[in-house]
Amino acid sequence: MIMRNAQPAVIRAFFAAFAEGILSAEAEREGGVVEMTPKKVKEIMLQHYEQISKHYFDILFNPLALLHYDNADELVSILRSPEVAPTLKTPADLFRHVCRTEESHDDMVTEYRRNFSSLLSGKVMSIADFFDGFPEGYMEDMEGDAPREVRAVTKVVVEAFFAGRVASNAKASGNNQIYLFRLLLDSMQCLLHSRPVSMDEETDLNAAFMKVCRNERNLSAMLQAMEETISAAQPQVSQQRQ
């Protein structure tokens, strides 16, 4: 059974990371001193809104399938069945089956629109706004191990971030890991907690990640998935920049 937090968390992770890839590139072009006001964010993102749906499909298809199905063969069998195959005309048709149930598909559409609307208003959806979008008690605290879900969200963060960097023709940056750490801190809160995680100013990065990941296994899954996905993404980024 899918974790209740998993689908909305992975959707927010995509939008936040894709936007961060674009906005960080723009800040670097302007010397890193640009103030990202809502007006500035809208001006920058205006050039990229039409790219979102394609990247969303390319990046989210496999993670959503992983969240909703125990194995790929089950989904492939459904998509190739005589009843379903002729109806698959658009990515939207595929997503109906990837989400498995009509309720999950409707929830996905709601979260897509909520995140997109936030970008249209000139901001990436905050953690507070993310949790405020759900009824009290809806989101869950995941006390146990969730390596599959953690890996799915982490891969989306990394792939979407680098997709944003490529879309904005970004130059190579030594700050990518800093951006990714910030995105992952937020994304693990959305995935594994029912509310934003409070931290004091003295909390170091290691302690912060342990707190949001809840245990060693989740933290290890996140770090391994981040390293693997960065290794796979960076050659593609270099190739497209040439």
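Some observations on this one:
- Just so you know, in segment 1-22 the residues that are open to solvent by 10 Å² or more (accessible area, probe 1.4 Å) and assigned to a loop (DSSP other than H, G, I, E, B) include one that is modelled with the lowest pLDDT, and it is 1.
- Test result for residue 160, in a helix (DSSP H, G or I) and more than 20 Å from residue 221 (Cα to Cα): no
- Listed by first and then second residue, the pairs with beta-carbon distance under 7 Å, at least 6 apart or on different chains, first residue in segment 190-208 and within 25 Å of residue 15 (Cα to Cα) and open to solvent by 90 Å² or more (accessible area, probe 1.4 Å), second assigned to a helix (DSSP H, G or I) and among the aromatic types (Phe, Trp, Tyr), are 195/131.
- Tallying residues that are at pLDDT 95 or above, in contact with a helix residue (DSSP H, G or I) (Cβ under 9 Å, 6 or more places away or on another chain) and outside any helix (DSSP H, G or I) within segment 177-231 yields 6.
- Taking the criterion of being part of a helix (DSSP H, G or I) and either of a type in the set (S, T, N, Q) or under 16 Å from residue 3 (Cβ atoms) (or both), the residues of segment 64-97 that qualify are 64, 65, 66, 67, 68, 77, 87.
- If you go through segment 107-127 and keep only what is over 18 Å from residue 61 (Cβ atoms) and outside any loop (DSSP other than H, G, I, E, B), you end up with 110, 113, 114, 117, 118, 119, 120, 127.
- Within segment 30-70, the set of residues being over 16 Å from the mean Cα position of the chain (by Cα) and free of Cβ contacts under 8 Å to residues at least 12 places away in the same chain comprises 30, 31, 32, 33, 34, 35, 43, 46, 47, 50, 70.
- Filtering segment 162-221 to residues that are touching a Ser or Thr at 6+ places or on another chain (Cβ under 7 Å) and among the aliphatic types (A, V, I, L, M) leaves only 184.
- Matching residues in segment 169-190 - criterion: being hydrophobic (A, V, I, L, M, F, W, C) and closer than 30 Å to residue 140 by Cβ: 178, 180, 181, 183, 184, 185, 188, 190
The values are calculated or read from the model by the stated rules, or taken from the named source; none is laboratory data. Because the structure is predicted, anything quoted here is derived from the model rather than measured. Every residue, glycine among them, receives a Cβ derived from its backbone with ideal geometry; neighbour counts consider all protein chains shown. SASA here: full protein model, heavy atoms, side chains in, ligands and nucleic acids out. Shrake-Rupley method; radii C 1.70, N 1.55, O 1.52, S 1.80 Å.
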